[in-house]
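This report concerns only the one structure given below.
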Amino acid sequence: MKSTMADKIDIREQLRPGEELHRFASKLYPICRSITGAGIRETLAHIGESIPLEISEIPSGTQVFDWSIPAEWNIRDAYIKDVHGRRVVDFQQHNLHVVSYSTPVHAILPLSELRPHLHSLPDHLDWIPYRTSYYHSEWGFCVSHRQLQALESGNYEVCIDSSLEDAA
């Protein structure tokens with residue numbers, strides 16, 4: 001059976017919502033967002049361009065049932081640099097590379113001290129895990145297991161340029 005021009009137009013019309021949804025998801029994907037902070041506001045603003053939203057902000061520390069609203073977390077940059085100054089882990093390349101809610105840090109550490117702050121999935125060599133630390137002060141990086149295995153002994157510059165502040 002030969003397809004007609006009408007069939008082709010109908011198929012394109014059927015694909016259009018999926019293409020639009022993919023474009024929308026592609027716009028949201030790079031935004032680093034968590035349960036508080038500028039990233040979630042940016043995400044909601046994009047959603048609000050398509051559907052009506054009523055956004056309310058609740059101050060940090062407010063008790064909601066058995067949950068307390070955490071401090072607002074915002075991140076500007078994060079990386080691990082090797083002795084040659086190359087970013088071997090780079091938040092700008094993938095926002096999953098930082099443990100969500102990581103406290104700020106800027107230090108030079110030997111690999112032995114850095115390792116406890118690195119999280120990977122040994123059973124999935126190329127996957128970057130997602131981790132958070134909402135309710136305890138901690139910092140860390142999520143890396144593919146392949147990245148972790150490639151790190152050589154020596155010192156690394158570690159930087160997480162983030163803030164945790166009470167939201168009003």
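Some observations on this one:
- Filtered by the rule that a residue be hydroxyl-bearing (Ser, Thr, Tyr) and touching a helix residue (DSSP H, G or I) at 6+ places or on another chain (Cβ under 8 Å), the stretch 39-78 gives Thr43, Ser50.
- Selection within the stretch 8-64 - within 22 Å of the chain's Cα centre (by Cα), polar (S, T, N, Q) and part of a helix (DSSP H, G or I): Ser26, Thr43
- Among the residues making up the stretch 78-104, those that are surrounded by fewer than 21 Cβ atoms within 10 Å (Cβ to Cβ) and either within 20 Å of Ser153 (Cα to Cα) or over 15 Å from the mean Cα position of the chain (by Cα) (or both) are Lys81, Asp82, Val83, His84, Gly85, Arg86, Arg87, Val88, Asp90, Pro104.
- Given (1) surrounded by 15 or more Cβ atoms within 10 Å (Cβ to Cβ); (2) touching a Phe, Trp or Tyr at 6+ places or on another chain (Cβ under 8 Å); (3) within 26 Å of Glu157 (Cα to Cα), index of the condition Asn74 fails: (2)
- Contact annotation: residue pairs with Cβ atoms under 8 Å, 6 or more positions apart or on different chains, pairing a residue in the stretch 136-150 that is more than 12 Å from His124 (Cβ to Cβ) and hydroxyl-bearing (Ser, Thr, Tyr) with a partner that is at pLDDT 95 or above and surrounded by 15 or more Cβ atoms within 10 Å (Cβ to Cβ), are Ser137/Thr103.
- Test: residue in the stretch 13-26 that is out of contact with any helix residue (DSSP H, G or I) (no Cβ under 6 Å at 6 or more places or on another chain) and closer than 28 Å to Gly140 by Cβ: yes
- Checked against the criterion of being out of contact with any Lys or Arg (no Cβ under 8 Å at 6 or more places or on another chain), closer than 21 Å to Ile40 by Cα and exposed (fewer than 15 other Cβ atoms within 10 Å of the Cβ), the candidates Ser133, Ser163, Ser153 yield just one match: Ser163.
- Qualifying residue in the stretch 96-115 (condition: farther than 17 Å from Gly37 by Cβ, at pLDDT 95 or above and in contact with a Gly (Cβ under 6 Å, 6 or more places away or on another chain)): no
- A count restricted to the stretch 145-168 and to residues that are part of a loop (DSSP other than H, G, I, E, B) and touching a helix residue (DSSP H, G or I) at 6+ places or on another chain (Cβ under 9 Å) stands at 4.
- Where Ser50 falls short, out of the listed (1) under 13 Å from Ala167 (Cβ atoms); (2) free of Cβ contacts under 8 Å to residues at least 60 places away in the same chain: (1)
- Beta carbons closer than 9 Å, at least 6 apart along the sequence or on distinct chains, pair a first residue in the stretch 28-42 that is under 19 Å from Arg131 (Cβ atoms) with a second that is charged (D, E, K, R) for Ile31/Glu42; Arg33/Arg41; Arg33/Glu42; Thr36/Glu72; Gly37/Glu72; Gly39/Arg33; Ile40/Arg33.
The values are calculated or read from the model by the stated rules, or taken from the named source; none is laboratory data. Not measured: the values here are computed from a predicted model. Ideal geometry is used to build each Cβ from the backbone, glycine not excepted, and the neighbour counts take in all protein chains shown.
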